[in-house]
Amino acid sequence: MEKEELILRNKFLDLARNAYFKNIVTHSTFLNLYEQTIFEMIQNELPNIKSVMFGGYSEAERKIVCFYCDKKPDFDMLECISIAPSNKKFAEELSHRDFLGAIMNLGIERHMIGDICVVDNIAHIITFKSMSDTIINELGTVKHTKVVLNKESIDYLKTVNRSEYKKINIPSERLDSVIGSIYNISRSKVNMYIDAGRVFINSKQCLSHSMKVKNGDIITVRGLGRARFLCISSMSRKGRLFAETEVFR
């Protein structure tokens with residue numbers, strides 16, 4: 001293991017041991033997909049303890065891992081905040097990066113923030129309850145746009161339309177073909193993402209260019225986004241496949 005992986009492994013082991021020996025619930029900070037892969041790799045090293053990962057809603061990318069003995073945690077340590085322009089008419093077009101940058105400029109580190117879902121220029125952000133008041137009280141602008149912040153039910157994200165459907169035309173269900181068609185990039189560019197370890201299937205790192213994508217698989221390309229491969233809907237006369245995908249915003 002690399003040094004970074006060893007540090008993360010030891011953190012997981014400490015959390016698991018504390019939960020086991022003290023019979024309490026412990027949890028990590030928010031993990032990116034690579035860190036989630038490390039956790040999956042070292043699960044057999046953990047004591048006889050239960051664990052579960054959650055990020056606020058079922059399709060969350062960034063998640064915390066909780067360790068517990070008996071009762072499954074209810075994740076009441078998480079909270080959802082909405083950040084919206086105070087005047088929609090004069091607001092700039094705000095992106096995921098804009099909202100994240102504004103929060104990190106408050107001195108809040110990335111691992112304290114979960115997913116940021118931007119819909120209709122409004123961000124819905126998962127964070128810890130211990131951080132939400134700081135964000136609400138101190139964040140006044142994103143870029144040059146004044147914003148208003150409110151706490152909202154974490155269940156609200158289940159109702160937000162965070163995706164759009166896209167039909168793609170591919171020669172096969174190979175991973176590199178699927179990614180190239182979803183994001184309209186060349187095969188060589190796709191291969192660069194895969195070789196750099198930036199591609200994940202169902203939260204697990206994938207280094208295989210030729211892996212066959214299955215119905216329901218969630219494909220994440222760090223730097224591009226996430227999409228769900230739904231199904232093959234039809235085939236052309238020349239044998240090319242038409243597939244349905246769901247691309248998350």
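Every number in this text was worked out from the coordinates using simple rules, so none of it is lab data. This is a predicted model, so every value here is computed, not measured. No Cβ is skipped: glycine too gets one built from the backbone with ideal geometry, and neighbour counts run over all protein chains shown.
What to note about this one:
- Placing unit charges on the Cβ atoms of the charged side chains and taking the dipole of the chain about its Cα centre, the candidate lying farthest along the positive direction among Leu8, Ile49, Leu230 is Leu230.
- With a simple spin-label model that places each label point 7 Å from the Cα along the Cα-to-Cβ direction, the separation between Ser82 and Tyr165 comes to 2.7 nm.
- Loop-resident sites, segment 58-108, for GluC sites (Glu not before Pro), counting at most 15 other Cβ within 10 Å (DSSP): Glu92, Glu93
- Assuming charge only on the beta carbon of Lys and Arg (+1) and of Asp and Glu (-1), the dipole of the chain about its Cα centre is about 820 debye to the nearest 20.
- Estimated [θ] at 222 nm from DSSP helical runs (n ≥ 4, -39500 (n - 2.57)) normalised by residues in the chain, nearest 500: -8000 deg cm²/dmol
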